[in-house]
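The values are calculated or read from the model by the stated rules, or taken from the named source; none is laboratory data. Everything quoted here is computed from the prediction, not taken from an experiment. Positions of Cβ are backbone-derived with ideal geometry, glycine not excepted, and every protein chain shown enters the neighbour counts.
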Amino acid sequence: MNLRNVVLVGVCLLVVSAAPALRAQSCASGQDAAVQCFVGNAVRTNLVTLQYGMSMSQFKAYGVSVSKIVQQQPTALAVVGLASAVADALPPTNGNGSANQAAQTAAINSIVDAGIANNFLTLPAETTSQDLKWFSLDLVNVMNTNNGILLSPGTMLRVIDSYVVTATTSGTVNWTLANSGITTMITNFASAGLLKLPATITTAQAIQFAQSLAQITYTYKTATGRTTL
């Protein structure tokens, strides 16, 4: 996946906003049709390539899903933030430097599942959890190869992982101790106003999500042989 493929997201939005002005047969029948026409033309002109073993019709449907995701701001912003954190703290490499894309992919898939389960991510209409995973992975893949100056968006994951490290003795994690520390951290952050949750998300859900992230990062470290993030 290269940067041009992710540009599809922005162009899809432009096509959606211009849809009323389109006059081509079928392409002007609605926003979804406009996006599908763009995706089809983008593939035929080699602007983008079919991804994840999809057929043309499946890729067009994915393009529609992407347009729905980026129009739902809370979900889109959350996915961008999580993708940035994963690219920074959970790179597709083992502790010895060898490649391990599967570990990063498993992590982002699990994070999306946990985000949906704990109400941090809401699936837009015409979108499945798999679409959201593919979109998140597309973003992560681009961020993996960024050569510019970056802050450290993975701080959130590292702070959560620090409770797992503290609760580990002789390679065994005391999850009761780790989860207790995470619960206290989230509760204190919420009480102090450092963690501002929307009305749709309770502190209990935030705690559950953070504890899920602890399990996911631990699984990632095990798969990559890393001792720290």
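A count restricted to segment 173-199 and to residues that are crowded, with 17+ Cβ neighbours inside 10 Å and either outside the structural domain of Ile216 (by TED's automatic domain parsing) or among the hydroxyl-bearing types (Ser, Thr, Tyr) (or both) stands at 1. Screening the candidates Ile201, Ile207 for the property of being of a type in the set (Val, Ile, Thr), more than 16 Å from Pro91 (Cβ to Cβ) and in contact (Cβ under 8 Å) with a residue 40 or more places away in the chain yields one hit, Ile201. So which of Ala76, Ala114 ends up being assigned to a helix (DSSP H, G or I) and free of Cβ contacts under 8 Å to residues at least 12 places away in the same chain? One residue alone meets the criteria, Ala76.
Of all residues in segment 79-111, those satisfying the criterion of being more than 12 Å from Ser136 (Cβ to Cβ), among the polar types (S, T, N, Q) and in contact (Cβ under 8 Å) with a residue 40 or more places away in the chain are Thr93, Asn94, Asn96, Asn100. Scanning segment 86-101 for residues that are small (Gly, Ala, Ser) and under 13 Å from Ile216 (Cα atoms) yields one hit, Ala89. Would you confirm whether any residue within segment 109-129 is within 23 Å of Asn94 (Cα to Cα), touching a Lys or Arg at 6+ places or on another chain (Cβ under 6 Å) and not aliphatic (A, V, I, L, M)? Yes, some residue in segment 109-129 is within 23 Å of Asn94 (Cα to Cα), touching a Lys or Arg at 6+ places or on another chain (Cβ under 6 Å) and not aliphatic (A, V, I, L, M). When residues in segment 125-148 are screened for being crowded, with 20+ Cβ neighbours inside 10 Å and in a loop (DSSP other than H, G, I, E, B), 1 of them pass.
Residue-level analysis places Ala102 among those that are surrounded by fewer than 22 Cβ atoms within 10 Å (Cβ to Cβ), outside any loop (DSSP other than H, G, I, E, B) and modelled with pLDDT of 90 or more.
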